[in-house]
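Contents: one structure, followed by commentary.
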Amino acid sequence: SAPLDADCPRKVRNEIVTGADSSPAIAVSRADSIENRLDKLLVFLETNDVAGGWAPFRPAGLIAWTLIGIAGHSQGAGHAAFISQRQTVARALVFSGTEPAVWTLGPSLTPSARLYGFAHQNEPGVAGLYASWANLTMIGPLTNIDAGPPPPFGARQLFTARPECNGFSTLQAFHGCGVTNGFTPRNGVGAPVFASVWDYLLGVGE
């Protein structure tokens, strides 16, 4: 049998993000790529929400990555981290991702201080997930936020150890605990428990 291609994860993500024909394992056209979908979204917003001030995000017909914060959950978390290596983004939020593949050890155009991770300590594959954060040189140490988020400019590697997530204690719930609607925990009035953590990740108040 043919040897495994250690670079396969990078090739797959590159095709998903850019639409370039870089992997035989997947078929994503330029039109369906993340970059093109974002570009078309900005065109739509600039045309249909004139008062929204979207023009600076696409000057001269090019995406202004330095003004954009990207985020993703699970597979999307890996895409966010991958884009942060290829582009200089305002910040990248990595929820419950990514895999510790070879590409996570590569150089990055986005400074590591702009990368943030959030996960549940009991979700599937969490050890590999944490290893990917270290590979990406995300600022540590691993920090439990259950008693409150870290102070500004503190650790970027965050986790929760909550025994339940919105009433569920399954592996699926732990994987979605940090950000997905169905599993993120809420308080007695229905507000997300992690609202202050999200503010920290987004840099609200900095």
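The values are calculated or read from the model by the stated rules, or taken from the named source; none is laboratory data. This is a predicted model, so every value here is computed, not measured. Note that we place each Cβ from the backbone using ideal geometry, even for glycine, and neighbour counts take in every protein chain shown. Calculation scope for accessible area: heavy atoms of the full protein, side chains included, ligands and nucleic acids excluded. Shrake-Rupley method; radii C 1.70, N 1.55, O 1.52, S 1.80 Å.
Which percent of the accessible heavy-atom area of the range 148-195 goes to carbon and sulfur, probe 1.4 angstrom? In the range 148-195, the share of accessible area belonging to carbon and sulfur is 64 percent.
When cysteine pairs in the chain are screened for C-beta atoms closer than 4.7 angstrom, the residues that find no partner are CYS8. Just to be sure I understand: with springs between alpha-carbon atoms less than 10 Å apart, which residue in ARG162, ARG91, ARG114 has the highest mean-square fluctuation in the Gaussian network model of the chain? Between ARG162, ARG91, ARG114, it is ARG162 that shows the largest mean-square fluctuation. Over the range 75-206, accessible surface divided per residue gives 43 Å², non-protein components excluded, 1.4 Å probe. Across the range 64-97, the residues whose backbone nitrogen lies under 16 Å from the label position 7 Å along the beta-carbon direction of THR143 are 92-94. Only helices enter this figure: runs of n ≥ 4 DSSP H residues, each worth -39500 (n - 2.57), summed and divided by the residues of the chain, yield -9000 deg cm²/dmol at 222 nm to the nearest 500. Using the alpha carbons alone, the radius of gyration of the chain stands to its Kirkwood radius in an Rg to Rh ratio of 0.98.
Which whole-number percent is the relative contact order of the chain (Cα, under 8 Å, 6+ apart)?
The value is 13 percent.
Residues whose amide H falls under 5 Å from that of HIS120, counting only those 5 or more places apart or on a different chain, are THR160, with hydrogens built in the peptide plane. The chymotrypsin sites (Phe, Trp or Tyr not before Pro) of the range 80-155 meeting both criteria, a DSSP state outside H, G, I, E and B (loop) and at most 16 other C-beta atoms within 10 angstrom of the site's C-beta, are PHE153.
When the Debye formula is applied to the Cα atoms of the range 1-90, each taken as the same point scatterer, what base-10 log of I(q)/I(0) results at q = 0.13, 0.22, 0.26 Å⁻¹? Each listed q corresponds, in turn, to -0.49, -1.13, -1.34. The smallest convex shape that holds all Cα atoms of the range 126-178, its convex hull, gives 85 Å³ per residue.
The apolar share of the surface of the range 26-87, taken as the fraction of accessible area on carbon and sulfur atoms (1.4 Å probe, ligands and nucleic acids excluded), comes to 61 percent. Rounded to the nearest 5, the antiparallel percentage of DSSP beta bridges internal to the chain is 10%. Between ALA101, ALA131, ALA51, the residue with the greatest mean-square fluctuation in the GNM of the chain (Cα pairs under 10 Å linked by springs) is ALA51. Accessible surface area normalised per residue over the range 22-62 is 67 Å², counting heavy atoms of protein chains with a 1.4 Å rolling probe. For the pair the range 39-105 and the range 115-135, the centres of their Cα atoms are 21 angstrom apart.
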